[in-house]
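The values are calculated or read from the model by the stated rules, or taken from the named source; none is laboratory data. Note that the coordinates shown come from a computational prediction; the quantities given were computed from them, not determined experimentally. Don't worry about glycine lacking a Cβ; one is built from the backbone with ideal geometry, like all the others, and counts go over all protein chains shown.
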Amino acid sequence: MANPKENTTHKKDTHSDVVEKEFREELLSVDRVTRVTAWGRQLRFRAVMLVWNGKWKIWLWTWKSWEVVTAIAKAVNDAKKNMVEVSIEEWSVPYDIKVKYKSAIVMVHPASKGTWIIAWWATRKVLDVAWYGDVIAKRFGSTNLINNAKATLKAITSFKK
């Protein structure tokens, strides 16, 4: 007769429930967007997503939809299709760079070990998702979240290997 303490049919394996994601998805912002037409106001939501694949590829994408969940899903799906490679040297950027995207200007500098990331919100989020550790960044011009994030992305993808 089997031992009742060894009943495996009712045991729950907690390790099999943990699923590792292939992509790291970070929500940058969700905004309500309205458009006034002859029939009244049309309310939609805009999601801005950062996606990193763990193999030094990252991209940012925006999408508008009638529902927040749909906007996030579509932004993630399109970001996965358009990923670009970033270069990293000892958890920092290889050298100083100044990049302009539309009206946003971002300067990115390597920092000494233990400094971590010193930057404005959108730039910090992009650098954190891309796994940079010791970086100092400064933004000039625009305070637009999307333009500053895209300028930072343009900076970290333009480093030559």
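Quick look at the values:
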read-out: Filter result for VAL51 (modelled with pLDDT of 90 or more and not assigned by TED's automatic domain parsing to the domain that holds ASP31); value: no
read-out: Selection from the stretch 94-121 of residues that are at positive phi and either of a type in the set (D, E, K, R) or buried (at least 17 other Cβ atoms within 10 Å of the Cβ) (or both); value: LYS102
